[in-house]
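Notes for the one structure printed next.
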Amino acid sequence: MSITEKAKEILANSGYKVTNQRKRILEIILDNTHRHMSAEEIYEIVKDENLDVGLATVYRALELFEELNIIHKMNFGDGRSRYELKEEDHHHHHLVCTSCNEVFEVDEDLLDQLEEKVEKKYKFRITGHHLKFLGICENCHEQQRLGD
Ligand SMILES: [Zn+2]
Ligand SMILES: [Zn+2]
Ligand SMILES: [Zn+2]
């Protein structure tokens, strides 16, 4: 089953209608999931498509998708919430460039050992974690170097 179909099923099973607007907003997130779209960016796309979608509609749809665990919200410190599909089989972390605000993905999850240590030491059963690395990306680093 494709993710869109899965998402439609989740909506339907929860008693929500799969309106054209909701469907389109979901599609945009799916098409751009690695770009970590903000509500404003999604709105910029639907605005041009004559779908009669306002920014408030986008916010409401995103809230709903989040409630239903289809997407999750992230904050990279640039003042905007960003959204990404929840993929159980694709757990990843983020590198946030504090100079250009670009977000990069780290595919490996290197935290298993750390979790084990923490669980033992604090007798705490870990069910998940959030992690983002802040720093300077290769491009910005290069530009800073050239600027010297
Ligand atoms: Zn990501
Ligand atoms: Zn950068
Ligand atoms: Zn992880």
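The values are calculated or read from the model by the stated rules, or taken from the named source; none is laboratory data. All figures in this text were calculated on a predicted structure; none of them were measured in a lab. So basically every Cβ, Gly included, is an ideal-geometry build from the backbone, and we count neighbours across all protein chains shown. When the accessible area is computed, the model is the full protein with side chains, heavy atoms only, and any ligands, DNA or RNA have been set aside. Shrake-Rupley method; radii C 1.70, N 1.55, O 1.52, S 1.80 Å.
Rolled with a 1.4 Å probe across the full set of protein chains, the surface gives Lys117 an accessible area near 150 Å². The alpha-carbon of Lys17 sits under 14 angstrom from the alpha-carbons of these aspartates and glutamates, leaving out residues fewer than 8 places away in its chain: Glu5, Glu9. Applying a threshold of 29 Å to the alpha-carbon distances of Lys6/Lys73; Lys8/Lys120; Lys47/Lys86; Lys8/Lys73 flags Lys8/Lys120 as lying beyond it.
For Glu5, the solvent-accessible surface computed with a 1.4 Å probe is close to 100 Å², ligands and nucleic acids excluded. Surface composition of the range 1-89: carbon and sulfur make up 42 percent of the accessible area, probe 1.4 Å.
Computed with a 1.4 Å probe on the full set of protein chains, the accessible area for Phe124 sits at about 120 Å². The Asp109 and Lys47 beta-carbon pair, evaluated with R₀ = 25 Å, returns a calculated FRET efficiency of approximately 0.10. Excluding ligands, DNA and RNA, the accessible surface per residue across the range 1-89 is 59 Å² with a 1.4 Å probe. Between Val46, His34, Asn13, the Cα set farthest toward the positive side of the dipole of the range 1-89 (charges on each charged residue's Cβ, about the Cα centre) is that of Asn13.
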